[in-house]
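Nothing in this text is a laboratory measurement; each read-out follows from the coordinates by a stated rule. None of these values were measured; they are calculated from a predicted model. Every residue, glycine as well, gets a Cβ built from its backbone with ideal geometry; the counts of neighbours run over all protein chains shown.
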Amino acid sequence: METCCQIDRMLPDIGRYLARLGLPVPGQNVRLFLVDNIYTHFEREENAQDLRGKLEDDLVRIHAVTADATSRSLVIMNESFNSTTADDAVQLSAAILKSLIERDLICVCVTFLDEIASLSKTIVSMVSTVDPNQNDVRTYKVLRRPSDGRVYAASVAHKYQVTGADIRRRLGAAPREGVIAS
């Protein structure tokens, strides 16, 4: 996904042009689809000028994507709807993805929500891997396989002792010398 986006951002149309000519583009074992347009839905900061909250902004922006995209378009979604609860994010993402699937669009959806990967037989699950001996070390390999629930962020939180349990334990502990308890 990053290569696809980088080629498109740095050299608009050149990556696709090279692919159309049959010339090499960056990557290993890569197949590029010839698309009419690339639409993205990435997290954005709240904009105080438009008086919308993050969730409303996400919905307005994804609506524009789904309205404009054709069956030859590529849609890239990255952690969509993370401003809401995980259950709501699953429901919203599922509704959007089902509408994209019905229209036979190509979509790359980056998410930590395991339920999304099993939404349809047309969805291919790709998993970013970590070192099996050290859960807090990324391998930067992405494999085609079902999600195994191993989350890199959880490993890092555990390593630096900032998990929910770590924080609750510290909040419940007696204040350290020189620290004023509130």
Stokes-Einstein D for the range 37-111, Kirkwood Rh over Cα pairs, 10 °C, 1.306 mPa s (µm²/s):
126
Output the antiparallel fraction of DSSP beta bridges having both residues in the range 37-182, as a percent to the nearest 5.
35
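Which peptide among 124-136, 45-57, 76-88 comes first, and what is the full order, when sorted by highest mean count of other Cβ atoms within 10 Å? The partial results should precede the final answer.
Numbers: 124-136: 13.2, 45-57: 11.5, 76-88: 16.4.
Taking the mean over residues of other Cβ atoms within 10 Å, the ranking is 76-88, 124-136, 45-57.
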Sequence-distant or interchain residues sharing an amide H contact under 5 Å with V108, placed H: which?
V75, I76, M77
Reach of K98 by Cα under 14 Å, taken over aspartates and glutamates that are not fewer than 8 positions away in the same chain:
E115
Would you please name the trypsin sites (Lys or Arg not before Pro) within the range 86-139 that are DSSP coil residues with at most 10 other C-beta atoms within 10 Å of their C-beta?
K121
